[in-house]
1. Are any residues in region B:511-536 over 15 Å from residue B:579 (Cα atoms) and surrounded by fewer than 21 Cβ atoms within 10 Å (Cβ to Cβ), and if so, which ones?
2. For residue B:692, are the conditions met, namely being farther than 28 Å from residue B:421 by Cβ, assigned to a helix (DSSP H, G or I) and out of contact with any strand residue (DSSP E or B) (no Cβ under 6 Å at 6 or more places or on another chain)?
3. Residue check: is residue A:90 over 22 Å from residue C:143 (Cα atoms), in contact with a strand residue (DSSP E or B) (Cβ under 6 Å, 6 or more places away or on another chain) and either crowded, with 18+ Cβ neighbours inside 10 Å or more than 13 Å from chain C (Cβ to nearest Cβ) (or both)?
4. Mind telling me which of the residues B:44, B:55, B:80, B:2 ends up being surrounded by fewer than 19 Cβ atoms within 10 Å (Cβ to Cβ) and modelled with pLDDT of 85 or more?
5. Quick one: which residue in D:25, D:44 is within 14 Å of chain B (Cβ to nearest Cβ) and farther than 24 Å from residue B:792 by Cα?
6. Just wondering, is there one or more residues in region C:83-92 that are buried (at least 21 other Cβ atoms within 10 Å of the Cβ) and part of a helix (DSSP H, G or I)?
7. Which of (1) crowded, with 24+ Cβ neighbours inside 10 Å; (2) at the interface with another protein chain (Cβ under 7 Å from one of its Cβ atoms) does residue D:7 not meet, given it meets every other one?
8. Identify, from the list B:434, B:423, the residue that is buried (at least 24 other Cβ atoms within 10 Å of the Cβ), more than 25 Å from residue B:331 (Cα to Cα) and not assigned by TED's automatic domain parsing to the domain that holds residue B:518.
């Protein structure tokens, strides 16, 4: 059944992404982007990363994309303005995209992941984790562990049954929060500067 | 004296004399600013100046009385002790010099019995400290300017009997001169003063606003400087005021600055003084290097352990403690008592004897300049260009007196060799001055040469060991010389600025007061008096003392016989030219009717000082060496002078003791009186009776006459010795400058120019080319790369993607796969 | 490969366990059937309140305007009026304006409905009765709810009408702004309880009504009202219904819609009203607990698991419906704000206030702890004494006393105790254990059992 | 059950990534370009989370993707502000006209 679910989400994600590329209307692009990103959130749930999935939904789909649509509305020259791209450019881009795709597929398909895991285990000995991933048996969510890690407390179970503490992400977390504050100020400042066309309130900035 | 009494007295004297010293400065400031902003026709400045200096005199007199009151006990004790020792006929010797037998007057100096009988016995001074002048000296500090390590630069005071006496004398004479000047300078009280001696083109005379206030301002400043010099507690301070005195004399001699002769004379005086000051500075350096202090002495009870110069160089018995012989000879420094002075690392502090000589000669060189002694005497007659009150002040109480005063003050530092130098310089100066004065016809110049001559006397006296005689003469001379200068000023004023004696004559009737006061001065300078009489002209006593010292010295050191004969001869010449001047001016009949018609007696402000000074010139030395003036001076006499010196120093010179001088006193007095009488008589014959014609004699001895008129050709000598060589050297230097140095510079500039041209060529052809090529290549590269930099976001994205692919391909192509 | 599951057995798993005793098919098939059944159940929950509330709105508004409202349809009170409306709307022609972007125009209502419906997946209706039980249930519920705005915006944009566009833009600005105070007030209970699991939050409010979070501290009391106001705005309910604003924008984003698609918007709106009311009840008003400790313990002890939960469901529905009625009441009482006033209210007042409440809620127990020695003013309180601490290698989670053991549980509870799993926060579980409202048998289950 | 493996997720990520690149390269609308960026970031995020699930990367992958999401939101806000400013100045959203700094 999970194959089916994965297939639905993966197809929706890839199809949405392709539709974004192929659409000419910006608003439709946004719509397909919503489909794609929501499906990615679904993939995250499938990967037992429920907190990341929820974050994806709340911030990406509910925040960022809404912001983008808002931007579309504020900058639309007409309801259906299409900025046509030179077909030659499209062809070149598609060619380059194909090459990059081939490169990516070649890159990850050539890797023996399990062997890599074994090698890492051999190399780092007891430092390797008890399980290759997290939560493999689907025993619950990772929200507490992520919360702990973000507040600087991260524990890992080792193969020999011991638990070790590792440095958490408190510093990056703080940096990101300061970064967000700076972005808040900067974005409001940028968006306020000499508005020529009447728009709505600059509420878009602070909601990031 | 208990420390409390010492402190109280010291403070009192400090404030009295300090105020007396600073009052003229305050006067100067008020006058120079007030006068500049105020009117030109008021005598306010003069009254301020007179008020200041008169107040100073009152304060000085109070200080004199205070000093006498405070030290009366000590002086009494000293006198008593002296009497006892005289009675005991002790025998004294000590230190480096053993006293031989020497004679002394049996009579007691202090008690003034005019008994010149004599008893020659040896006696022992049981306690030299009783006669130490430092016991009646008050020293201290006004204000500390700076401190460099152990060297302290401060405004000190050094008050002993001589200081207070000098203060009184200077302020008294200055007061008289100030009062006199209020009358003499009255013609400056105008907005348009016409200077008849400055000729402009077109035959007109120079006009300028009157400078009455400026005259008095500088007069006040002059007094301030001189008083500061006298009060100074250290030799560096002396040097400062020494220079200030020089500057003031420069201002005052050059008072009529528009006159070429006046400005030249001012320059000359100043430059001559600089020559002497150079030696002074050398002396100061030696003193500072070896003694580490400038202070004369530290007598304050709080200052025990930090001795001054006098305390270092001699012990309390007045002996220099020496070691070694010849050039190795050194003087051991004392710590103020009779114990040696040690430096911080425990070594005995010494000064090489020859360096002490150098220091003494250096300081004396300064005195030579200031007091117009033999090699540097030529500035003084030229200084007559200043107004007459200035001349009076300069020649009597202040400037020239400073040199003599310093020699007297610095006396403990002088070795016998230095004293010999001083004596010879003084003798030569006295003779030169006197001889020139014979032929001079300008009334003021006669007095100027007379001053030179008399200063030579004083130096001679100091040099032959007659310390008291020298300074005694300084005081008496100050009175009668200022008197005579003011009299001459009165004459000049009365004769409308006619100074040539050949145009005068018979003025006795027109200006009697001037004439007779002048006559008193002439008698005083000639040294008339009757030995044994208590009331004689002051010059008699002082000159008598000088001749006695010289005679004693010569009798002790026969090879220096000239030091006796020259002053005796000079005494005769002095009487001659002084009477010559008086006869030519006041006696006989008028030679120039124009002058005679306008001649009149001066007004009261000018005459009153004459009378006062005449009185003092006559009576100031009342009772001579037993009188108050001499005792006042004696109280400051350095310890070692009293007992003389036998075969001291390197040259084995002996100095007379008081007893020995007294022994010769009567002889010397008669010799001097005889010489003066002879001189006067010849003068009378020449210029009053006219039995002898001066012109004829002059023509017969024209070589000598011209030589004297040319002032011994000193100016020409200096011209040849210094000025011309300097000109020649200057010309050489100029040629060297023009030919060699300028040539070098031109060559260098030429070479630089050529190098620059070459450099420019290299720059333009090579460097610029390289730079241009770089620029062109860069520019071309930029042009060609411009196409890639399209500013198109989407293109960049493609480039990035391509770059990633290329990197991937590269990595996988060239990295070995593990 | 399994779907993520929470410790609490969900209703789907209960259904799956129940079905497995009847059908001997593969577990996947059983699970699929169970999920489908539950979705049907939820769809009923999604639709029925909407119909009820639309009728209620008509009646309440009529009462407020001194009218009678629907009176005849279905007999007394016109209780079938909503059904009649629905039938009428289904019958209407599906129109799309010529200027519209047809694809988006058609899809937009579905987006709204999907978002609104999906949020029900994460809402516990009674203890354990939740479709997807996640530790971040509150978070994901709000995330899904926020997607509703996308449909509204796209609808407004794709209509090809200026009124619709304005409505859509207003909705965007309003929604995006109000999410800030919404999140800030919603995070206060999370902070106090130390979990985002709605089930756990609700369980912690058992006992007397003083345990309800709204009475936890003065700050939470205010926070509840702020939360309520913000939910009004995020549901574009009056006085914040600027997106529709029939007096200015004709109908706002749904001006061009009619028939079935139009009814979708309203279905979604009333469902969202119910959802946010339920959220408020769960977070602040004790959820399915009556607030009277003896009754609650009697219900859960005497009646046992299933009937007790049914009663809890009724309590929850009653509380939520009351809040919805308050929303309706507010709508027909207050005048509409201008758009700038709406933004001002949010940015200048609600955001600072909620920030202050957040900080105050953090400081309140700490100040009390230092002043009184206990973190609350009330003598007995099981909440707020929990200090969430993550012990190494083991995350202890207190399961409620009435943990449904009688239901099949996917885990075999071998309870391998990891090292240090018993570590508690200071005064943590001990105080919980002393709570008279709870069974002394409260126990800990390790989520990450060592294997 | 195990038929869905790491490579499948990586494939999806690669598709999203490439679509994002192509989107960036072909869209002239600035907001379209931004959408391309979002796609690229999502492709990367899928890789992060998938690797976190299937390799010893553990929690790090999820936390990384969290940071990516947050920073992407920040980036979107700033980029949108820039786009608005650009629109206000040029009355156009065409990135091809944003070539004032071209060589």
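1. B:512, B:513, B:530, B:531, B:532, B:533, B:534, B:535
2. It is false that residue B:692 is farther than 28 Å from residue B:421 by Cβ, assigned to a helix (DSSP H, G or I) and out of contact with any strand residue (DSSP E or B) (no Cβ under 6 Å at 6 or more places or on another chain).
3. For residue A:90, the condition - over 22 Å from residue C:143 (Cα atoms), in contact with a strand residue (DSSP E or B) (Cβ under 6 Å, 6 or more places away or on another chain) and either crowded, with 18+ Cβ neighbours inside 10 Å or more than 13 Å from chain C (Cβ to nearest Cβ) (or both) - is not met.
4. That would be B:55, the only listed residue that is surrounded by fewer than 19 Cβ atoms within 10 Å (Cβ to Cβ) and modelled with pLDDT of 85 or more.
5. So the residue among D:25, D:44 that is within 14 Å of chain B (Cβ to nearest Cβ) and farther than 24 Å from residue B:792 by Cα is D:44.
6. No.
7. That leaves (1) as the condition not met.
8. Criteria check complete, one pass: B:434.
The values are calculated or read from the model by the stated rules, or taken from the named source; none is laboratory data. Computed from a predicted model, the values in this text were never measured in an experiment. Note that we place each Cβ from the backbone using ideal geometry, even for glycine, and neighbour counts take in every protein chain shown.
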